[in-house]
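Q: I have a structure I would like to understand better, so I am pasting it below and will then ask my questions one at a time.
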């Protein structure tokens, strides 16, 4: 028995209202780097896509893309001086040099010896930040929502 378009729309809406906030809560800081953990989270999204769309593939952003966007938005808030992120802002340093392909808001990588340090929220996000195109960062100051939209376009275009 096949579901009607109305039923699919209701299922899709209910997942985005009730399921997504639970999956994305704390995703900016808890973003797994091990393949097994990433695959486990992706299986959750595939099951949800199968529930709402009745197919295995969907047009949704992957959870990994959404977590990357969330991490970059948090770093943007710290970089732009939002008071709640002052502790992170104080640890961000400018690099000693910029190459021709770097944007002017590049942040110096922090050297770490342990996996906990290498794969921490700040270090992983700095790598993504430095890989963003200059158009995504644009001219400061602007709102976090504008930044989120620019980053979303940059990440989705990178995948295609």
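The values are calculated or read from the model by the stated rules, or taken from the named source; none is laboratory data. The structure displayed is predicted, hence computed values, not measured ones. Backbone-built Cβ (ideal geometry, glycine too); neighbour counts: all protein chains shown.
Q: Do you know which residues across the stretch 68-95 are at pLDDT below 85 and under 27 Å from residue 38 (Cα atoms)?
A: 85, 88, listed by residue number.
Q: Scanning the stretch 88-97 for residues that are touching a residue at least 12 places away in the same chain (Cβ under 8 Å) and exposed (fewer than 14 other Cβ atoms within 10 Å of the Cβ), which turns out farthest from residue 135 (Cα to Cα)?
A: 91
Q: Working carefully through the options 100, 71, find the one that is surrounded by 11 or more Cβ atoms within 10 Å (Cβ to Cβ) and assigned by TED's automatic domain parsing to the domain that holds residue 139.
A: Among 100, 71, only 71 is surrounded by 11 or more Cβ atoms within 10 Å (Cβ to Cβ) and assigned by TED's automatic domain parsing to the domain that holds residue 139.
Q: State whether one or more residues within the stretch 111-123 are touching a residue at least 40 places away in the same chain (Cβ under 8 Å) and either at positive phi or assigned to a helix (DSSP H, G or I) (or both).
A: In the first step, residues of the stretch 111-123 are kept if they are touching a residue at least 40 places away in the same chain (Cβ under 8 Å); the result is 119, 121-122.
Remaining after also requiring either at positive phi or assigned to a helix (DSSP H, G or I) (or both): 121-122.
Yes, because at least one residue in the stretch 111-123 is touching a residue at least 40 places away in the same chain (Cβ under 8 Å) and either at positive phi or assigned to a helix (DSSP H, G or I) (or both).
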